[in-house]
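The next block holds one structure in the form of structure tokens; read it before the comments.
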Amino acid sequence: MSTPDRPFASYHLWSLIAPAIGQERWHCQMRRGFIKARQHEPEVKALLTKATAPQRIGILAQKGVYEFHHNRHLLNKSDGVEKVAQLLKLSNTSYQVQQRVIQILKKYQDAPLLRGKNILQLTPGDEGFPKPILIEQGDSYFRLYAAMDCIFIDGDRTLHILDFKTGKSAFDQRQALVYLLAARYLYPGRQAVASFYNLELGKKSDLIKITNHEFENLKYELANIAHKHQDDLHKYQEKNSNFSQIFPPNPGYHCRFCPFNSICEFASVTTSAHTIIPV
Ligand code: SF4
């Protein structure tokens, strides 16, 4: 059996290991098992590649912002939203996705958050894994993955990392902390702040910063996450049949919205979740 990759951490892994505040009841470690230990199995892979409507909306919204700023004249044109929708090939998506993305584009054209900003980086949102950052913690290393949507310069030199959101979920501060940690390595010596912006609600978060002390704690926490996950992968590779002990299930109503409910033997669902789309 092959050895699991070297330890890594990301906001996604953090969110799979520990629930966000208020999400404890719905948190299920077995989802991490499917996503991060069994992702190469054909039936798991097939489920993972099927983007849900909310995921598709998130990706298209980010891409829409990217297109507006890459073709800046479209921000001022009466048919700008239509043109961006064509660039996104929105007509190939479902009615629900089209409607919500059009609303997002209209809202953005009315109040373009990045207009006039000194943009350092703005990604289309579909470019896959970013390059890992090697982080030393104690006498070991872990790789940090942090895919940032947008960075612009605030004031004179401060980096402002902005993450775009869609849907109704609350902002998870941990994501911003991971970005701020990454920024320390990618842009050493630069001050950085982070914030979220919900493109559907037009809602901004407060600015998030970290002190040097918080930075050390964060590194420690992410190193623990990386090593815990690597240990779990080792255990799983040693004995696949222990899957449910290593990644314990937490069945409940939330299984209806879990992408793995069709293959999970612990799923608590009576109807297929594929027809129910949470917003
Ligand atoms: S279907 Fe339920 S128990 Fe199974 S992985 Fe998903 S949330 Fe966990």
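Before moving on, here are some points about what is shown:
- The ranking of S140, S10, S91 from fewest to most other beta carbons within 10 Å of each one's beta carbon is S91, S140, S10.
- Net charge, I17 excluded, C-beta distance under 11 Å - Lys, Arg +1, Asp, Glu -1: +3
- Computed magnitude of the charge dipole of region 185-226 (debye, nearest 20; Cβ of K, R +1, Cβ of D, E -1): 160
- Once the Cα gyration tensor of the chain is diagonalised, semi-axes √(5λ) in Å: 33, 27, 15
- Cα centroid separation, region 87-133 to region 162-239: 21 Å.
- Comparing mean-square fluctuations of A183, A46, A192 from a GNM of the chain with C-alpha springs under 10 Å, the top value falls on A46.
Read-outs throughout are calculated quantities, based only on the coordinates presented, and are distinct from any laboratory measurement. All values reported here derive from a predicted model rather than from experimental measurement. Neighbour counts run over all protein chains shown; Cβ positions are idealised from the backbone, glycine included.
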